[in-house]
Every structure is written in C-alpha cells, then in structure tokens.
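Everything below concerns the one structure shown next.
Each value in this text was obtained by applying a stated rule to the coordinates, not by laboratory testing. Just so we're clear, the structure is a prediction, and the values are computed from it rather than from any experiment. When we count neighbours, we look across all protein chains shown, and the Cβ atoms used for this are built from the backbone with ideal geometry, even at glycine.
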Amino acid sequence: MHSHEAHTQNFYFIVQLILVFPFIISFISYFVGVVLSNQHKKQWPYFRTLFWILGHVCAMLSLIGPLAELAHINFSAHMVGHLLLGMLAPLLIALSAPITLFLRAIPVKMARFISCILRNSYFRFVSNPIIASILNVGGLWLLYTTPLFNMMHENSVLYILIHFHIFLAGYLFTISFIYIDPTPHQLSFVFRSIVLLVALTAHSILSKYIYAYPPSQVSAEQAEQGAMIMYYGGDLIEIALVFILFYQWFKRTRNTVFAKAIT
Amino acid sequence: MGISNMYEEKNHKHENRFQYGQRNMWTGILFGFGVVAFIDEAIFHQLLHWHHFYDKSTANIGLVSDGLFHAFSFFATIGSSFLLADLHRKHGFWLKRWLGGIFLGAGAFQLYDGIIQHKFMKLHQIRYNVDIVPYDIVWNVLAAILIIIGIVLLFKTNQ
C-alpha cells in the first residue's frame, strides 16, 4: 500500500515536471536573448525582464509544488491556479515582449524569415480576437460544463494537454487584444473592445454558472468559493487588460489631436 | 489683470467644448454607468451583504444580463476615463454636460437594475427577509430622479 502511494506520488511529480520543463527552457532562453540583444542594440528594458520573471513564477506556481498538489482536491486552489496560469501569467509574459526580444537577438536575415512565418495566414487566423476568445473562454466552458473536468483528473495525458492549452490560449487571447510585440494584422480598437467585452461577459457568466451548477464531484461549498474567486479574481486581471487596451488607444490617437491643432 | 488672464486661460482650456458636445455626454453616460455599478458592488454586495452573489430563482437570461453588465461596468469606467482625458487633451471638456451624462447614465442603469434585473430576471433582490416593496420604491424613484436631473442638465447644455 505504502509503495503504491509512493508510486502515485512519483507519477504526479513526473507529470508536473513535464508541464514545467518548457517554462524552464523558455525562462532561461529569455536571458540568453537579453545578453545577445544587448551586445549590438541598446539596453533591453529591465521592466520587461521583470515581467518575464513574474509571469514564469505565476505559471510555475500553478503547475508544480503545494498549490498544484492542492488543486487536485480543492476547487478553490484549482481556480487560483487557473487565474495564475490562464490569465495573469499570459498577461505578464505578453508585457515582457518575448517576440520583439527574439527578433532582436537573432541575425537580421533569420529575423526576416521568422517574421515572414509569423505573418502567414495560420497565425493571422488564430490571433483574430474572436478565434482567440473561442479557444480561451470556449475551452473553459467545455472544461467546466462537461465531464472533461473529471476526466482531466483521471488521465494524465489529458491533464498535461489541458494545462498547456489553458496557458497558450490565455497568451493568444492576451496578444490578440493588446499589441506589445510587432503585430502584422492589426485590428481596430472598436472591434477589439467589442469582442473583449463579449469574452469577459462569457467569463463572468461561466463563474456564476459554476456557482449554480458545480462540476461533477465538486461540492457545492467549494464550487461557490471557486466561482467567486474566478469572478472577482478574474475582474482584477481583466481590468488590467482593459486598461492597457484603452491606454494604447489613448497613445495611438495622440497624433490626431496634434494634426487637428495644426490645421 | 490677473483675473482676466485666468479667465482667458480657463476659456482656452475648453475652447472646443461645443464641438465635442455629444462626446461629453457619452463620456458622462458611460462613467455614470460604471459609478453606479461600482456603488452597487461595493455597498450592497460587499459592505451590507444585502444583495446575493447568486439567487436560486435567477433565470438564465439573468445570468447573461448580469455577466454583460458586470463586464460592461468596468469597461465603461476605464474607457470613459480615457475618453475624458482625450477631451481635456482636445480642450473640449464641458463639465456641465459631462455631469448631465453621468446623472443620466447612473439613473438609467439604476432603473434597469431595479426593474428588469431585480424584478423580471429575478437576478437577486435588494434585500432578503424583509418587506421588499419600500426598498423597491426608494430604489426606482431614486433612479427616476437621477434621470430627470441628467435630462435637465443635458437640455440646458444642448447647443
């Protein structure tokens, strides 16, 4: 019996390692990129590096260690993990401008090639705010309103895939609304605002839906707590996202003010 | 001399206000929306605990409406703050018209919340285990007063 528990523990640990491994690689790569970029170009801003570090801390906290362990049995802990991995980490990582750094760190010829790839129709499609929202919030609806939530905790492969999906969809969602890195296919502020409003609405509704109809094997009390964490915690991060979107509008429209002043 | 200079300075800051009349109004309306939603959340949900996060009698449409207005409230607050900064940047701010918008937006949201969301969609009631009628009357009459003040201010500043 004891050895069986130890075996399960080991197994959980391996799953966590698989999830954390890409984050460790990307964490280190950024610093290599900063060193390479600083050799030829002006100093890479410190605050961007700070965002990168904070973003990775958030992601890793949710994937490995006490919070990740607790998330298996406690729905509130699961929800905190969801906010960290799917919302806060993607926002912080988007603010650290990794693609800009990458393009700066590599030789110009290669950078041209890479930016060509980033401009292709696949990236154009998935980085459309509507598609990104469906992948992100739609994925959450699927997770919490179908048996998928239970299956995730029984099947490790599913567990790994869903967690990668939550992070990647969260990142895609963030960069489809706020443009920190070079964005080839920019869409209007009004369009992005409306889609963001709908996506945030869907997130709020899902929170209350979970409160009213707990996912299977989650007790009513835990679902209520978790739902409120999702509702109010989500608000905080969404407010930051909306603030940045409008701030970018404010900065972008500055020229129109001066143009009017001259005429 | 000092006074007339100040007057000119002040006028200069708002020289374009007639040009941006509509925008002042909408900026106010959005801000009014956000303010009321914030007061509702802070006072009635968090401090007094009168409102409930979820009421078992809530219709599904109530969940949709709540989600939309919840997201829209902080969207409107942040958006209208930037619109306000933009009006100042363009020397187009008009205090009275902006205030008119705030009253109208606040009243409209309050009335929507009081009649459609509380009564028709049964999202939640103002307070539980009490006679609800006086609460509903105060709530909705207050909303009507806000709307009237808003309309009067907007009419006075209508150019």
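What the table shows:
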{"quantity": "Nearest-ten-degree value, helix B:2-13 long axis tilted from longest Cα axis of chain B", "calculated": "60"}
{"quantity": "Which of A:Phe51, A:Ala212, A:Gln222, positive extreme of dipole for chain A (C-beta unit charges)", "calculated": "A:Phe51"}
{"quantity": "Region B:29-156, relative contact order [Cα under 8 Å, separation at least 6], %", "calculated": "39"}
{"quantity": "Least to most buried among A:Thr256, B:Thr58 (fewest other Cβ within 10 Å first)", "calculated": "A:Thr256, B:Thr58"}
{"quantity": "Percent RCO, i.e. relative contact order, over chain A, from Cα pairs under 8 Å lying at least 6 residues apart", "calculated": "22"}
{"quantity": "Sorted by Cβ density within 10 Å, fewest first, the residues B:Phe33, A:Phe23", "calculated": "A:Phe23, B:Phe33"}
{"quantity": "Volume per residue of the C-alpha convex hull in the protein assembly as shown, rounded to whole Å³", "calculated": "201"}
{"quantity": "Chain A - mean residue ellipticity at 222 nm from DSSP helices (-39,500 (n - 2.57) per run, n ≥ 4, rounded to 500)", "calculated": "-25000 deg cm²/dmol"}
{"quantity": "Above-threshold pairs, the threshold being 24 Å between Cα atoms, out of A:Lys42/B:Lys90; A:Lys251/B:Lys90; A:Lys251/B:Lys13; B:Lys13/B:Lys96", "calculated": "A:Lys42/B:Lys90"}
{"quantity": "Cα lying deepest toward the dipole's positive end in the protein assembly as shown, options A:Tyr232, B:Gly67, B:His88, charges on Cβ", "calculated": "B:His88"}
